[in-house]
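Participant: Pasting a structure here, questions to come.
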Amino acid sequence: MLETVIAAADEPSRGWGGPIALLIVVIVYVTGATIHAHFMPDEDPSPTERGARGVSVKQQVRAVSDTDDTTPDTDWWGRIVNIGGRRVRVYDQPAADGEVDVALDDDEADEEETIEDVIAGMLDRGHQYAEIVRHVMEEFEVSEATAKRRIRDVRAERIAAAS
């Protein structure tokens, strides 16, 4: 029995030093925060001087989305149109004429248009480069690089034919 009492006395015991130190830190922090809040002004900080008139902060974000409006978005950068379910910016798109090119010969009607024919027709009608690339990729199921290369080839042929 005496051995258990001696063994119990050898074990380190936890004292109140740690909890007391934590309590002191909390008291110092709360006191410092209270003093700081007492000497700071109650107003929100402002980028303008106190008493400046005619100065206001403009709201940068609208609460209502502009994607469901019906008025066209137009300015000198072009206008936004919906093409295939996507909003696309269009620049200087000429008005399409009412004429329709119809093949009168049955042989021409049976032929499928080549990529070069489609690109040449779209260039003649004034379509934008990105629109031509997208159309050729979807219509002929080719990669973007192939579509761009074919457009360059058609443009080079036109330049060579013009000179």
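Participant: Among (1) aromatic (Phe, Trp, Tyr); (2) surrounded by 10 or more Cβ atoms within 10 Å (Cβ to Cβ); (3) at pLDDT below 75, there is one condition TYR129 misses while meeting the rest; what is its number?
Facilitator: Against the list (1) aromatic (Phe, Trp, Tyr); (2) surrounded by 10 or more Cβ atoms within 10 Å (Cβ to Cβ); (3) at pLDDT below 75, TYR129 comes up short only on (3).
Residues are listed down the side, and each one gets a yes or a no for (1) among the small types (Gly, Ala, Ser); (2) farther than 19 Å from VAL90 by Cα; (3) over 25 Å from the mean Cα position of the chain (by Cα); (4) not in a helix (DSSP H, G or I):
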residue	(1), (2), (3), (4)
MET122	no, no, yes, no
HIS135	no, no, no, no
ARG149	no, yes, yes, no
ARG152	no, yes, yes, no
ALA161	yes, yes, yes, no
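The values are calculated or read from the model by the stated rules, or taken from the named source; none is laboratory data. Treat the numbers as computed from the prediction; the structure is a model and nothing was measured. In this analysis, Cβ positions are derived from the backbone assuming ideal geometry, glycine residues included, and neighbour counts consider all displayed protein chains.
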